[in-house]
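Undergrad: My questions all concern the structure below.
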Amino acid sequence: MVLRRIYRVGEITGYIRNLLESDSLLSDLWIRGEISNFKRHTSGHIYFTLKDDSSSLRCVMFRSRACLLDFLPANGMNVLVRGYISLYERDGSYQLYVEELEPDGMGALYLAYCLLKDRLEAEGLFAVEHKKPIPFLPRKVGVVTSPNGAAWHDIVTVIRRRFPQMPIVLAPAAVQGEQAPGEIQAALAALDRRDDIDVVIVGRGGGSLEELWAFNTEEVARAIFRMHIPVVSAVGHETDYSIADLVADLRAPTPSAAAEIVVPDRRELERRVFNLQGRLMQAVNRGLKEKREKLKTIAGRSLPRSVQSRLLLHKQQVGFLNRRLLDRTRAITMNARAKTELIAGKLDALSPLAILKRGYSICRNHSTGNIIKGIRETGVGELVDVILGDGSMHCLVKEIKEDQHG
Amino acid sequence: MDELAFEEALARLERVVAELEQGEMTLDEALAAFQEGVKLLRLCITKLNKFEEQIEVLMEDYYAEAPSWLGGQDGGGRQK
């Protein structure tokens with residue numbers, strides 16, 4: 001009996017995988033084919049099937065590689081793929097692990113694109129120093145595109161939304177077909193001859209490399225380069241770069257984006273202007289108010305501080321003087337009164353009446369009224385009046401005696 | 001001042017307002033700045049109001065050459 005060796009699925013799958021991975025041809029190769037079943041996973045990995053007339057090959061391109069792509073792969077696109085073949089053990093199927101992916105299908109067209117791009121680049125048509133700045137607020141926007149295309153519709157819609165009053169000048173041109181390059185060039189030149197247009201959008205809604213052909217011609221590239229007015233290109237999708245994009249002063253990913261770039265939002269501008277108006281008024285008013293308050297403080301504080309204290313001093317002095325004056329006056333008055341009283345007392349003392357009260361008397365000649373001061377001024381038998389403190393006596397002189405010592 | 005572009009006027013206005021807001025000007029300077037600000041403001045508003053909605057289509061050159069787009073669909077990008 002022959003001893004049968006039994007393998008597990010995993011063992012044999014691993015064996016095949018080793019076999020594939022150890023093959024020098026399969027570990028790094030280029031394959032030409034057409035993309036089908038294209039799928040971009042949310043993880044960023046890309047899955048597709050590469051096929052030709054007779055067979056197909058499953059392919060995966062991991063995110064780390066896929067994010068380096070400079071074009072958007074799509075079903076039906078002919079491509080060149082570099083990678084290695086290995087086995088996906090879960091499904092037991094071999095597949096190509098893609099490292100690089102580049103367009104192949106356009107063949108001559110793509111090659112022409114690359115050659116022209118290299119030539120114009122060497123000539124300096126894409127150089128940064130030739131890029132003109134895009135105006136902030138153009139007087140008029142020129143547009144070169146087909147009036148029948150989605151691009152024209154998108155541009156008008158966006159401009160009307162952002163700045164409804166913005167004048168637009170359309171220079172119609174076919175954007176695909178044989179006449180397209182000539183018409184685009186003529187339209188650009190027609191706009192450039194005017195002096196009221198500040199920026200030009202040239203472009204079309206996206207398309208295949210074939211449809212975008214006009215924007216990859218030397219004629220259009222040079223026409224854009226010749227422009228005195230700044231040009232914004234709006235050709236195609238986010239990912240494809242046309243030669244027109246490279247020559248233009250600014251590249252917008254889509255016509256809508258170009259319109260956004262070229263025209264500012266009017267309401268936003270108005271908001272800024274009115275906000276500035278408010279701030280201007282507020283600032284000047286606040287400045288004036290501050291100055292006024294400062295003036296008030298100066299007027300209320302530093303000036304009076306000196307003046308007020310001096311005023312107070314003056315007031316005090318005046319009060320003091322006033323008091324002194326009063327005191328003095330009172331003293332004088334009192335003095336005067338006292339003196340008067342004294343004098344009055346003296347007078348009183350000198351008053352004959354007071355003397356009479358003390359027992360003295362006055363003798364007067366009755367007929368003449370003369371006061372008799374000596375015995376010789378009268379004689380016996382004469383009538384005299386003797387005045388006393390409380391009255392007078394009428395007397396007759398009976399005898400006169402002279403004092404011995406008198 | 002009339003030759004000033006809108007954004008230059010706006011930028012200058014911003015500067016004037018900012019300086020005024022600093023509040024470090026003398027009264028005369030502040031009033032001069034305010035006057036300039038008002039002028040710039042008026043300029044900005046005038047410039048904004050000068051636009052007139054219009055769409056002009058340059059035709060003459062194109063009729064002469066009977067462009068393809070007059071004949072019908074030229075596939076001007078994605079159709080909406």
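The values are calculated or read from the model by the stated rules, or taken from the named source; none is laboratory data. On a predicted model such as this, the values are computed, not experimentally measured, just so you know. Cβ placement follows ideal geometry from the backbone for every residue including glycine, while neighbour counts extend to all protein chains displayed. When the accessible area is computed, the model is the full protein with side chains, heavy atoms only, and any ligands, DNA or RNA have been set aside. Shrake-Rupley method; radii C 1.70, N 1.55, O 1.52, S 1.80 Å.
Undergrad: Once phi is turned into θ = phi - 60°, what whole-Hz ³J(HN,Hα) does the Karplus curve with 6.51, -1.76 and 1.60 give for every residue of region A:133-139, x standing for Gly and Pro?
TA: Per-residue couplings from phi come out as x, 7, x, 6, 9, x, 6 Hz.
Undergrad: So, counting K/R as plus one and D/E as minus one, what does the shell of residues with Cβ under 11 Å around A:HIS45 add up to?
TA: Charge balance near A:HIS45 sits at +4.
Undergrad: Under 16 Å between alpha carbons, and skipping anything fewer than 8 positions from A:LYS296 in its own chain: which lysines qualify?
TA: none
Undergrad: Hey, another quick one. Per residue of B:21-33, how many C-beta atoms from partner chains lie within 10 Å of its own C-beta, taken as a mean?
TA: 3
Undergrad: Using a 10 Å cut-off on Cβ to Cβ distances, tally the other chain neighbours for every residue of A:189-196 and report the average as a whole number.
TA: Across the residues of A:189-196, the mean count of other-chain Cβ atoms within 10 Å is 1.
Undergrad: Give the average, rounded to an integer, of partner chain Cβ atoms located within 10 angstrom of each Cβ in A:138-144.
TA: 2
Undergrad: Count neighbours as other Cβ atoms within 10 Å of each site's Cβ, and list the trypsin sites (Lys or Arg not before Pro) in region A:89-186 that are DSSP loop with at most 15 such neighbours.
TA: Loop-located and lightly packed - A:ARG90, A:LYS131.
Undergrad: Report the residue, chosen from A:GLN176, A:GLN317, A:GLN165, that carries the largest GNM mean-square fluctuation when chain A is represented by alpha-carbon nodes joined by springs under 10 Å.
TA: Looking only at A:GLN176, A:GLN317, A:GLN165, the biggest GNM fluctuation is shown by A:GLN317.
Undergrad: What value, in deg cm²/dmol to 500, does the helix sum -39500 (n - 2.57) over DSSP H runs of n ≥ 4 give at 222 nm once divided by the residues of the protein assembly as shown?
TA: Theoretical 222 nm ellipticity from helices: -15000 deg cm²/dmol.
Undergrad: Scan around A:VAL169 for amide H atoms under 5 Å from its own, H built in the peptide plane at 1.01 Å from N, and keep only partners 5 or more places away or cross-chain.
TA: Answer set, sorted by chain and number: A:VAL141, A:GLY142, A:VAL143, B:GLU56.
Undergrad: From the cross-link list A:LYS51/A:LYS117; A:LYS132/B:LYS50; A:LYS39/A:LYS131; A:LYS131/B:LYS39; A:LYS289/B:LYS39; A:LYS291/B:LYS50, which pairs have alpha carbons spaced over 27 Å apart?
TA: In this structure, A:LYS51/A:LYS117; A:LYS39/A:LYS131; A:LYS131/B:LYS39; A:LYS291/B:LYS50 exceed 27 Å between Cα atoms.
Undergrad: Now a separate question. What accessible surface, in Å², does a 1.4 Å probe find on A:PHE274, ignoring ligands, DNA and RNA and rounding to the nearest 10?
TA: 110
Undergrad: As a test question: what accessible area, to the nearest 10 Å², does A:MET77 have when a 1.4 Å probe is rolled over all protein chains in place?
TA: About 40 Å², ignoring ligands and nucleic acids.
Undergrad: Okay, next question. Sorting check: for A:189-201, A:25-37, which peptide has the highest mean count of neighbouring beta carbons within 10 Å, and how do the rest follow?
TA: Packing order, densest peptide first, comes out as A:189-201, A:25-37.
Undergrad: Please list 3J(HN,Hα) in residue order for region A:77-87, calculated via the Karplus relation 6.51 cos²θ - 1.76 cosθ + 1.60 where θ = phi - 60°; whole Hz, with x for glycine and proline.
TA: So the J values, rounded to whole Hz, are 7, 8, 9, 10, 10, 10, x, 9, 8, 8, 10.
Undergrad: Taking the Cα-to-Cβ direction at A:GLU178 and at A:LEU72 and moving 7 Å from each Cα, how far apart do the two end points lie in nm?
TA: Between A:GLU178 and A:LEU72, the simple spin-label model gives 3.0 nm.
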